[in-house]
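Engineer: Just passing along the structure, written as structure tokens.
The values are calculated or read from the model by the stated rules, or taken from the named source; none is laboratory data. Every value quoted in this text rests on a predicted model; they were computed, and no experiment measured them. Note that we place each Cβ from the backbone using ideal geometry, even for glycine, and neighbour counts take in every protein chain shown.
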Amino acid sequence: MQLENYVIKNGSGIRFTREQASHFAKDIAGDFNPLHDADGKLFCVPGDLLFAIALNHYGLSRHMRFVFSGMVGDETALRLPDGDAAHLVFTDDNGREYLSIERSGECSREPDQVRDLTCGYVTFSGKAFPDILVPLMRRHDTMINPGRPLVIYESMEIDLEHLAFSSPELRLSDSVFEINGKKGDIRLGFDVVCNGETVGRGAKYMLVRGLRPFDEAQMSALVEQYAGRKR
């Protein structure tokens, strides 16, 4: 993964073209959410690309939490905060926040380790739909609006027991769906595994809107539509 292919650097800031963000979502993360289509009317840079940029720039800390608070468009120029502070905030020129990071503990800047953890997480994250979310929705007898599927990436966290690992694999450990009317909160827990040893744990949090009773035919059509986009 050559991150320089997916970002434009300008001094202490960065920005993304629609093509760069879309290619990262599809080619690296395997994420075919219409929000990341280069020609989409409603477009945003994938959160996993911001996650990858952050780890590449600041390194991998044992304890990290990422909170996404705004949709980054192709016209958005982000400022990268300086230094080794425990709290980092990505803002635009007007001070609007898009991503905040809390981190603590030992930090690794070893390129291969940072790259491998990044790739492992992005691969796990990109498989959320349909591999994980569809069985989860079926289990709770509820589903997103197939005409306007809206799944919002809210935050993620990771806690590592140590940094003496390489080539980690991320495996789903649990999934939780809390429903409140037509809204819902989803938590996808994962283990960070290396050579059969669990070296860390984490979770990805998402918001869903427009929930309705689960309909097998409608969901099958939505999954097939998504598969068609991949093809």
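Engineer: Give me the pairs: first residue in segment 94-107 and within 23 Å of Gly200 (Cα to Cα) and at pLDDT below 95, second residue hydroxyl-bearing (Ser, Thr, Tyr) and in a strand (DSSP E or B), beta-carbon distance under 7 Å, and six or more apart or on different chains, which are they?
Structural biologist: Pairs that qualify, where the first residue is within 23 Å of Gly200 (Cα to Cα) and at pLDDT below 95 and the partner is hydroxyl-bearing (Ser, Thr, Tyr) and in a strand (DSSP E or B): there are none.
Engineer: Looking at segment 108-126 only, could you name the residues that are surrounded by fewer than 14 Cβ atoms within 10 Å (Cβ to Cβ), in contact with a helix residue (DSSP H, G or I) (Cβ under 9 Å, 6 or more places away or on another chain) and in contact (Cβ under 8 Å) with a residue 24 or more places away in the chain?
Structural biologist: Arg109
Engineer: If you don't mind, another one. Do you know which residues across segment 118-151 are within 13 Å of Phe214 (Cα to Cα) and basic (Lys, Arg)?
Structural biologist: Step one: of segment 118-151, the residues within 13 Å of Phe214 (Cα to Cα) are 133-146.
Result: Arg138, Arg139.
Engineer: Does at least one position in segment 159-166 carry a residue that is buried (at least 17 other Cβ atoms within 10 Å of the Cβ) and closer than 23 Å to His36 by Cβ?
Structural biologist: Among the residues of segment 159-166, not one is buried (at least 17 other Cβ atoms within 10 Å of the Cβ) and closer than 23 Å to His36 by Cβ, which makes the answer no.
Engineer: Assuming Thr118 fulfils every condition listed in (1) under 20 Å from Lys26 (Cα atoms); (2) modelled with pLDDT of 95 or more; (3) in contact with a Lys or Arg (Cβ under 9 Å, 6 or more places away or on another chain); (4) not aromatic (Phe, Trp, Tyr) apart from one, which condition is it?
Structural biologist: (3)
Engineer: Looking at Lys127, Lys41, can you tell me which residue is under 26 Å from Pro168 (Cα atoms) and among the charged types (D, E, K, R)?
Structural biologist: Checking each option against the conditions leaves just Lys127.
Engineer: Inspect all residues belonging to segment 53-60 and state whether any of them is polar (S, T, N, Q) and either at pLDDT 90 or above or under 21 Å from Ala203 (Cβ atoms) (or both). Steps first, please.
Structural biologist: First, the residues of segment 53-60 that are polar (S, T, N, Q): 56.
Add one more test, that the residue is either at pLDDT 90 or above or under 21 Å from Ala203 (Cβ atoms) (or both), and what stays is 56.
Looking for residues that are polar (S, T, N, Q) and either at pLDDT 90 or above or under 21 Å from Ala203 (Cβ atoms) (or both), one finds at least one in segment 53-60, hence yes.
Engineer: Sticking with this structure for a sec: Which pairs have Cβ atoms under 8 Å, sit 6 or more apart or on different chains, and link a residue in segment 14-29 that is among the polar types (S, T, N, Q) to one that is buried (at least 19 other Cβ atoms within 10 Å of the Cβ)?
Structural biologist: Gln20/Tyr6; Gln20/Val7; Ser22/His36
Engineer: Another question, if that's okay. Starting from segment 146-173, take each residue that is within 15 Å of Leu60 (Cα to Cα) and modelled with pLDDT of 90 or more and list its partners that are surrounded by fewer than 17 Cβ atoms within 10 Å (Cβ to Cβ) and small (Gly, Ala, Ser), counting only C-beta distances under 9 angstrom and pairs at least six apart or across chains.
Structural biologist: Listed by first residue and then by second, the contacts come to Asp159/Gly105; Leu160/Gly105; Leu163/Gly105.
Engineer: Can you name the condition, by its number, that Asn10 falls short on among (1) surrounded by fewer than 15 Cβ atoms within 10 Å (Cβ to Cβ); (2) within 18 Å of Gly73 (Cβ to Cβ); (3) touching a residue at least 60 places away in the same chain (Cβ under 8 Å); (4) in contact with a strand residue (DSSP E or B) (Cβ under 8 Å, 6 or more places away or on another chain)?
Structural biologist: Going through the list (1) surrounded by fewer than 15 Cβ atoms within 10 Å (Cβ to Cβ); (2) within 18 Å of Gly73 (Cβ to Cβ); (3) touching a residue at least 60 places away in the same chain (Cβ under 8 Å); (4) in contact with a strand residue (DSSP E or B) (Cβ under 8 Å, 6 or more places away or on another chain), Asn10 breaks only (4).
Engineer: Looking at segment 209-229, is at least one residue touching a Leu at 6+ places or on another chain (Cβ under 9 Å) and within 17 Å of Ile132 (Cβ to Cβ)?
Structural biologist: No, the conditions are met nowhere in segment 209-229.
Engineer: Which of the residues spanning segment 16-58 are part of a loop (DSSP other than H, G, I, E, B), of a type outside the set (D, E, K, R) and surrounded by fewer than 18 Cβ atoms within 10 Å (Cβ to Cβ)?
Structural biologist: Thr17, Gly30, Ala38, Gly40, Leu42
Engineer: Here's another thing I want to ask about it. Would you be able to tell me the number of residues in segment 101-132 that are in a loop (DSSP other than H, G, I, E, B) and more than 28 Å from Tyr226 (Cβ to Cβ)?
Structural biologist: The total comes to 2.
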